[in-house]
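Participant: Pasting in a structure now, in structure tokens, and then I'll have a few things to ask.
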Amino acid sequence: IPDSSILHGRDGDISQIIDELSEGGCVILSGLPGVGKTSVARGVVDELISSGLTVKWATCHSYSDPANLAEQWLGKSAPTSLAAIASSISNSRTILVLDEVQELHVRHAAGVEELLSELKRGPSSVLVVVRAPSPLGVMKGYSEIRLGGLTAESGSQIILGLVDENEATEISITLGGHPLALHLWSPGDVLPARVEAIQE
């Protein structure tokens with residue numbers, strides 16, 4: 001599980017994801033690069049662990065296939081059959097997190113998609129974190145939560161110590177509340193036009 005980070009304005013997103021996972025649902029958390037998907041997932045994990053649930057985290061790489069992901073979740077070698085993987089991992093008190101799904105190589109995407117479908121039939125809840133567009137097809141039984149930019153007020157908190165409150169709010173609005181863009185901005189930078197801001 002990655003280190004936690006300071007989150008601004010994401011309480012509602014975290015609560016929504018926790019509610020769905022706690023009720024046995026499976027969630028796809030998607031959004032632009034740098035919008036804070038992994039940080040939000042990490043915030044969800046903290047809350048789930050505090051409530052007594054077990055969380056198992058796996059991070060996708062280009063070489064990740066179902067067996068590799070199962071080894072990350074289990075902490076040991078895993079069976080090769082998708083049904084056997086699902087039964088060895090699944091537990092009603094366990095939440096499975098799969099991060100950086102966009103990193104999957106195309107040759108492994110279909111197998112991982114099948115694994116996620118198999119897991120959906122079991123007792124574990126699953127949180128899939130992926131940069132849009134996802135390499136996976138339409139995942140039946142998974143609800144999608146699209147993470148957008150922060151509100152002007154929440155985004156301004158990231159840069160408030162660098163500029164005054166009014167300028168911080170203006171910059172947050174111009175950069176679409178995009179957390180990574182706000183972290184990369186520094187005083188003296190020329191702000192691009194609002195429609196080009198995140199791309200810049």
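Participant: Does GLY52 fit the bill of being more than 19 Å from VAL27 (Cβ to Cβ), small (Gly, Ala, Ser), open to solvent by 40 Å² or more (accessible area, probe 1.4 Å) and touching a residue at least 12 places away in the same chain (Cβ under 8 Å)?
Facilitator: Taking the combined requirement at face value, the residue satisfies it.
Participant: Working only within segment 6-46, note down all residues that are touching a Gly at 6+ places or on another chain (Cβ under 6 Å) and modelled with pLDDT under 95.
Facilitator: The answer is LEU7, and nothing else.
Participant: I've got another one for you. With the structure loaded, tell me whether LEU180 is open to solvent by 50 Å² or more (accessible area, probe 1.4 Å), under 26 Å from VAL55 (Cβ atoms) and touching a residue at least 40 places away in the same chain (Cβ under 8 Å) or whether it fails that test.
Facilitator: Here the answer is yes, as LEU180 does meet what is asked.
Participant: On to the next question. So ILE198 clears everything in (1) open to solvent by 50 Å² or more (accessible area, probe 1.4 Å); (2) under 19 Å from VAL40 (Cβ atoms); (3) at pLDDT 90 or above; (4) of a type in the set (A, V, I, L, M, F, W, C) except one condition, right? Which one?
Facilitator: (3)
Participant: Which residues, counting only those in segment 17-35, are more than 13 Å from the chain's Cα centre (by Cα), of a type outside the set (Ser, Thr, Tyr) and surrounded by fewer than 20 Cβ atoms within 10 Å (Cβ to Cβ)?
Facilitator: ASP19, GLU20, GLU23, GLY24, GLY25, listed by residue number.
Participant: Between ALA67, ALA109, ALA84, which is farther than 30 Å from GLN157 by Cα, without any contact (Cβ under 8 Å) to a residue 12 or more places away in the chain and in a helix (DSSP H, G or I)? Spell out how you get there, then give the answer.
Facilitator: Values: ALA67 fails: without any contact (Cβ under 8 Å) to a residue 12 or more places away in the chain; ALA109 fails: without any contact (Cβ under 8 Å) to a residue 12 or more places away in the chain.
After applying the criteria, what remains is ALA84.
Participant: Going through segment 124-176 one residue at a time, which ones are of a type in the set (Gly, Ala, Ser) and open to solvent by 60 Å² or more (accessible area, probe 1.4 Å)?
Facilitator: Result: GLY161, single match.
Participant: Can you find even one residue in segment 104-111 that is aliphatic (A, V, I, L, M) and crowded, with 17+ Cβ neighbours inside 10 Å?
Facilitator: Yes, there is a match, as at least one residue in segment 104-111 is aliphatic (A, V, I, L, M) and crowded, with 17+ Cβ neighbours inside 10 Å.
Participant: Let me ask something else about it. So PRO79 ticks every box in (1) under 25 Å from GLY36 (Cα atoms); (2) assigned to a loop (DSSP other than H, G, I, E, B); (3) of a type outside the set (A, V, I, L, M) but one. Which box is left unticked?
Facilitator: Here PRO79 clears every test but (1).
Participant: When segment 112-123 is examined, which residues are found to be in a helix (DSSP H, G or I) and either surrounded by fewer than 17 Cβ atoms within 10 Å (Cβ to Cβ) or of a type in the set (Asp, Glu) (or both)? Give the derivation first.
Facilitator: To start, the set of residues in segment 112-123 that are in a helix (DSSP H, G or I) comprises 112-120.
Answer for segment 112-123, where residues must be in a helix (DSSP H, G or I) and either surrounded by fewer than 17 Cβ atoms within 10 Å (Cβ to Cβ) or of a type in the set (Asp, Glu) (or both): GLU113, GLU114, GLU118.
Participant: Can ILE95 be described as under 14 Å from VAL27 (Cα atoms), buried (at least 17 other Cβ atoms within 10 Å of the Cβ) and touching a residue at least 12 places away in the same chain (Cβ under 8 Å)?
Facilitator: So ILE95 fits the description; yes.
Participant: Please go through segment 42-58 and give me each residue that is within 18 Å of ILE6 (Cα to Cα) and in contact with a helix residue (DSSP H, G or I) (Cβ under 8 Å, 6 or more places away or on another chain), ordered by number.
Facilitator: GLY43, VAL44, GLU47, LEU48 - these are the residues of segment 42-58 that are within 18 Å of ILE6 (Cα to Cα) and in contact with a helix residue (DSSP H, G or I) (Cβ under 8 Å, 6 or more places away or on another chain).
Participant: Can you tell me which residue within segment 1-16, out of those that are farther than 16 Å from PRO179 by Cβ and out of contact with any helix residue (DSSP H, G or I) (no Cβ under 8 Å at 6 or more places or on another chain), is surrounded by the most Cβ atoms within 10 Å (Cβ to Cβ)?
Facilitator: Selected residue: GLN16.
The values are calculated or read from the model by the stated rules, or taken from the named source; none is laboratory data. All values derive from a computational prediction rather than experimental measurement. Counting neighbours? That spans all protein chains shown, and the Cβs are built from the backbone with ideal geometry, glycine included. For accessibility, only protein heavy atoms count, side chains too; no ligands or nucleic acids. Shrake-Rupley method; radii C 1.70, N 1.55, O 1.52, S 1.80 Å.
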